[in-house]
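Everything on this sheet refers to the single structure shown next.
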Amino acid sequence: MELMETIRGRRAVRHYAAVPVERAELLALLDAAVQAPSAINRQSWAFAVIEDQAMLQRYSEEIKPLVLAALSGSTLPAEFGETLADPAYHIFHHAPALIVIYAKSGDDFASVDCCLAAQNLMLAAHSRGLGTCWIGLAHGWLNQDSIKDELGVPRDWAAVAPIIVGHPRGPTPPTSRRPPEIVCWK
């Protein structure tokens, strides 16, 4: 797939086929992620891969009440509360895998480096016919010490990019994009 076609075609996928992603495919995505640039080549990222569907279901059930409680005063639309309150709603959209990219240091650039790795991962997934979606609702929950302990993640690492991965159940239509807002060009 040509690069600009990949960039323009990547979507946030929220509907997945109940088909596992091959381990070799997940490893290829992680390899793409670590090809990202990083400040001073520190490569301050690490990855957790969760394929256990019972664990993802439990995590979804534990995350929803926390997000609902934090909704008041947030920038999320009020109707999103109805979605979260629905017992059938799954935070991870029943994707077969969740890859969490962790910043291994607290330096100013580690989280930016993780975001660059995340973009590589998502573009590589799309180029391989897989779908992804960054699950921002899971950040705070994944950064709890008890969850880090359960996953074997050092407590001083920070979850930056929780990304679900799977085979899309169908096409995801594009969303409109605004043209670049150029505030200065001298």
Checklist entry - Sorting Trp141, Trp157, Trp185, Trp134 by accessible area (1.4 Å probe), largest first, what list results? => result Trp185, Trp134, Trp157, Trp141
Checklist entry - How many nm separate the modelled label positions at Asp156 and Ser105, each set 7 Å beyond the Cα in the direction of the Cβ? => result 1.1 nm
Item to check | Positive-end extreme of charge dipole, the chain - chosen from Ile101, Ala32, Trp141 (charges on Cβ) | outcome: Ala32
Checklist entry - Per-residue accessible area for Phe109 at 1.4 Å probe radius, Å² rounded to 10? => result 120 Å²
Checklist entry - Rounded to the nearest 0.05, what FRET efficiency is calculated for Phe80 and Asp149 with R0 set to 41 Å and r the Cβ-Cβ distance? => result 0.90
Item to check | Shape of segment 80-186, Cα gyration tensor, a/c cut at 1.5 | outcome: oblate
Checklist outcome for this item: At q = 0.16, 0.22 1/Å the base-10 log of I(q)/I(0) from the Debye formula over the alpha-carbon atoms of segment 35-143 is -0.85, -1.22
Checklist entry - Could you give the length gained on full extension between Thr175 and Met55, defined as 0.36 nm per residue of separation minus the Cα-Cα distance, in nm? => result 40.1 nm
Next on the checklist: How would the chain be classified by its alpha-carbon gyration tensor: rounded, prolate or oblate, with rounded meaning a/c under 1.5 and the a/b versus b/c comparison settling the rest?
Outcome noted: rounded
Checklist outcome for this item: With x for Gly and Pro, the residue-by-residue ³J(HN,Hα) of segment 165-174, computed from phi through the Karplus equation 6.51 cos²θ - 1.76 cosθ + 1.60 at θ = phi - 60° and given in whole Hz, is 9, x, 8, x, 6, x, x, 10, x, x
Checklist outcome for this item: Measuring from its Cα centre, the chain shows a charge dipole (+1 at each Lys and Arg Cβ, -1 at each Asp and Glu Cβ) which, in debye to the nearest 20, is 560 debye
Checklist entry - For the chain, what is the mean residue ellipticity at 222 nm derived from helices alone (per DSSP H run of n ≥ 4: -39500 (n - 2.57); sum divided by total residues; nearest 500 deg cm²/dmol)? => result -11500 deg cm²/dmol
Item to check | Cα gyration tensor category, rounded, prolate or oblate, for segment 136-186 with a/c compared to 1.5 | outcome: oblate
Checklist outcome for this item: Ordered by number, the trypsin sites (Lys or Arg not before Pro) in segment 28-109 that occupy a DSSP loop and have at most 16 other Cβ atoms within 10 Å are Arg42
Item to check | Net charge contributed by nearby residues that have their C-beta within less than 15 Å of Arg169 (K/R +1, D/E -1) | outcome: +2
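The values are calculated or read from the model by the stated rules, or taken from the named source; none is laboratory data. None of the values given here were measured: they were computed from a predicted structure. When we count neighbours, we look across all protein chains shown, and the Cβ atoms used for this are built from the backbone with ideal geometry, even at glycine. The accessibility values were calculated without ligands, DNA or RNA, using every heavy atom of the protein model including side chains. Shrake-Rupley method; radii C 1.70, N 1.55, O 1.52, S 1.80 Å.
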